[in-house]
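The values are calculated or read from the model by the stated rules, or taken from the named source; none is laboratory data. Every value quoted in this text rests on a predicted model; they were computed, and no experiment measured them. Virtual Cβ from ideal backbone geometry, glycine too; neighbours counted across all protein chains shown. Note: areas computed on protein heavy atoms with side chains; ligands, DNA, RNA excluded. Shrake-Rupley method; radii C 1.70, N 1.55, O 1.52, S 1.80 Å.
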Amino acid sequence: MGPPGAGKGTQAKVVAEHFGVPAISTGDIFRANVSQGTPLGVEAKRYMDAGEYVPDEITNRMVRNRIDESDAAQGFLLDGYPRTLAQVEELDGMIKFTGHKLDAVLSVVVDKDEVVKRLLQRAQIEGRADDTEDVIRRRQEVYAEQTEPLIGVYRDRNLLIEVDGMGEVDEVTKRIFDALDAVPQS
Ligand code: ADP
């Protein structure tokens with residue numbers, strides 16, 4: 001977990017590879033659907049371009065289908081999900097059904113101003129449609145309103161690991177590995 005621009009996607013790929021599980025990124029799946037022009041992509045794009053969350057029902061169904069695929073049978077890393085309290089409940093149901101359990105929830109902690117700076121830089125390089133300044137601001141608001149409360153939920157479940165997300169990518173990766181080394185794997 002972490003606000004937009006925290007570097008979740010970058011770290012998720014490295015961490016997932018290290019543990020030999022797929023990184024399941026809802027943002028990436030939505031973007032792939034948008035670029036392929038699928039019905040899901042057409043629907044999701046309206047929300048993404050405005051910096052809003054795609055409705056839970058759509059997102060939940062998509063994640064459910066993805067974790068049903070065979071490469072996720074031994075485990076998976078979720079990037080960008082859950083992002084709402086309703087998604088937390090839905091995920092609980094999904095993993096109960098598949099027999100998985102959550103080993104850890106990793107929160108990448110960053111400085112708000114730094115995050116906005118990174119996103120504006122990414123906007124120039126990648127030209128993502130949801131990286132304009134207004135949309136970036138809206139995404140930060142939506143994160144604070146809908147997703148930040150999830151940190152407390154997972155802290156209460158003793159699953160939360162907070163890692164300092166400032167500094168070089170490699171430094172952050174090292175902190176994540178060190179933190180995860182201490183977690184017993186299911
Ligand atoms: P970020 O830069 O915020 O980490 P992502 O690439 O994870 O962005 O997601 C991009 C967009 O995809 C979000 O702004 C949102 O519209 C949509 N999205 C991704 N994950 C979810 C989710 N779990 N629930 C609802 N919408 C989501």
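Observations on the model:
- Considering the conditions (1) closer than 19 Å to residue 1 by Cβ; (2) out of contact with any strand residue (DSSP E or B) (no Cβ under 6 Å at 6 or more places or on another chain); (3) not in a helix (DSSP H, G or I), residue 180 is excluded by exactly one of them, (3).
- Residues of the stretch 27-56 satisfying the condition of being within 21 Å of residue 136 (Cβ to Cβ), away from the ligand (no atom under 11 Å from the Cβ) and not in a helix (DSSP H, G or I): none
- The C-beta contact set for the stretch 133-145 (first residue open to solvent by less than 90 Å² (accessible area, probe 1.4 Å), second residue in a helix (DSSP H, G or I) and within 9 Å of the ligand (Cβ to nearest atom), distance under 6 angstrom, 6+ apart or interchain) comprises 136/119.
- Enumeration of residues in the stretch 102-119 that are open to solvent by 60 Å² or more (accessible area, probe 1.4 Å) and touching an Asp or Glu at 6+ places or on another chain (Cβ under 7 Å): 109
- Of all residues in the stretch 140-177, those satisfying the criterion of being in a helix (DSSP H, G or I), more than 16 Å from the ligand (Cβ to nearest atom) and more than 14 Å from residue 14 (Cα to Cα) are 152, 155, 156.
- Scanning the stretch 91-101 for residues that are open to solvent by 60 Å² or more (accessible area, probe 1.4 Å) and outside any loop (DSSP other than H, G, I, E, B) yields 96, 97.
- Residue 87 meets the conditions (1) farther than 26 Å from residue 173 by Cα; (2) more than 14 Å from the ligand (Cβ to nearest atom) in every case but one. The failed one is (2).
- Selection count where residues are open to solvent by 30 Å² or more (accessible area, probe 1.4 Å) and at pLDDT below 95, scope the stretch 1-12: 2
- Verdict on residue 77 being at pLDDT 95 or above and either within 12 Å of the ligand (Cβ to nearest atom) or surrounded by fewer than 19 Cβ atoms within 10 Å (Cβ to Cβ) (or both): no
- Those residues of the stretch 64-74 which are open to solvent by 90 Å² or more (accessible area, probe 1.4 Å) and small (Gly, Ala, Ser), in sequence order: 70
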